[in-house]
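Notes to accompany the following structure.
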Amino acid sequence: QQITICPNALPFRWNNQSLTAGGTYTAILQSINGCDSTVTLRLTVSPTITGNQQITICQNALPYSWNNQSLTAAGTYTTVLQNINGCDSTVTLNLIVNPNIASSQKITICQNALPYSWNSQSLTAAGSYTALLQNINGCDSTVTLNLVVYPNVTSTQNIAICQNALPYSWNNQSLTFAGTYTTVLKNINGCDSTVT
């Protein structure tokens, strides 16, 4: 007689014997006529199968579905399945979750630097802007830019002088007669300031 069992069926009871492993066993029985009858059993114990797997996902792939489980965080998870012989098979998953990264940056520019190019966007005014990038692990990385735009400043001043004060020195210029003159200076923020 040949019998195959799973490990969790051990010890196996057979003809008043408690069998604890696979092998060939014999028993002497009495036939209906009272004669000895030798019976042989070939007992096969299917091996217990264990498996390990490692899966790496991005944070935005959570919850992760695995063998009817909804996994919400990184960790080690175990499930018991049926192998091809109908015996328990234990599978362990090492789930690695790479984080999505959020960062912010502040950039200050002068008005004459507009439009400002940032992550394939052409920004035309001050404000808060967001871009979705891929980080080194291939996961989403959200970057927020706070764009500050300092204005270019224009101002006008009137100066009256007497003719004998010519030439008149004004912002590294030597003015020899009356008129309108312009110069570009840097204001306190380092941006162009046009003075007339």
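The set of residues in region 139-196 that are open to solvent by less than 80 Å² (accessible area, probe 1.4 Å) and of a type in the set (Phe, Trp, Tyr) comprises TYR150, TYR168, TRP170, TYR181.
Identify all residues within region 42-65 that are open to solvent by less than 70 Å² (accessible area, probe 1.4 Å) and either in contact with a Leu (Cβ under 6 Å, 6 or more places away or on another chain) or farther than 23 Å from VAL97 by Cα (or both); write none if there are none. Within region 42-65, LEU43, THR44, VAL45, SER46, ILE55, TYR64 meet the criteria. Output yes when any residue across region 56-65 is in contact (Cβ under 8 Å) with a residue 40 or more places away in the chain and of a type in the set (Gly, Ala, Ser), and no when none is. No, there is no match, as no residue in region 56-65 is in contact (Cβ under 8 Å) with a residue 40 or more places away in the chain and of a type in the set (Gly, Ala, Ser). Among residues that are open to solvent by 60 Å² or more (accessible area, probe 1.4 Å) and closer than 30 Å to TYR150 by Cα, PRO115 is included.
In region 96-107, is there at least one residue being outside any strand (DSSP E or B), under 55 Å from the mean Cα position of the chain (by Cα) and without any contact (Cβ under 8 Å) to a residue 60 or more places away in the chain? Within region 96-107, one or more residues are outside any strand (DSSP E or B), under 55 Å from the mean Cα position of the chain (by Cα) and without any contact (Cβ under 8 Å) to a residue 60 or more places away in the chain. Any residue that is more than 30 Å from VAL91 (Cα to Cα), touching a Leu at 6+ places or on another chain (Cβ under 9 Å), outside any loop (DSSP other than H, G, I, E, B) and open to solvent by 60 Å² or more (accessible area, probe 1.4 Å) - is there at least one of those in region 3-16? Checked region 3-16: no residue is more than 30 Å from VAL91 (Cα to Cα), touching a Leu at 6+ places or on another chain (Cβ under 9 Å), outside any loop (DSSP other than H, G, I, E, B) and open to solvent by 60 Å² or more (accessible area, probe 1.4 Å).
Taken over region 20-38, the residue count meeting the criterion of being within 26 Å of CYS6 (Cα to Cα), polar (S, T, N, Q) and outside any loop (DSSP other than H, G, I, E, B) is 3.
The values are calculated or read from the model by the stated rules, or taken from the named source; none is laboratory data. Keep in mind that what you see is a predicted model, and the values were worked out from it rather than measured. Glycine also receives a Cβ, built like all others from the backbone with ideal geometry; neighbour counts cover every protein chain displayed. For accessibility, only protein heavy atoms count, side chains too; no ligands or nucleic acids. Shrake-Rupley method; radii C 1.70, N 1.55, O 1.52, S 1.80 Å.
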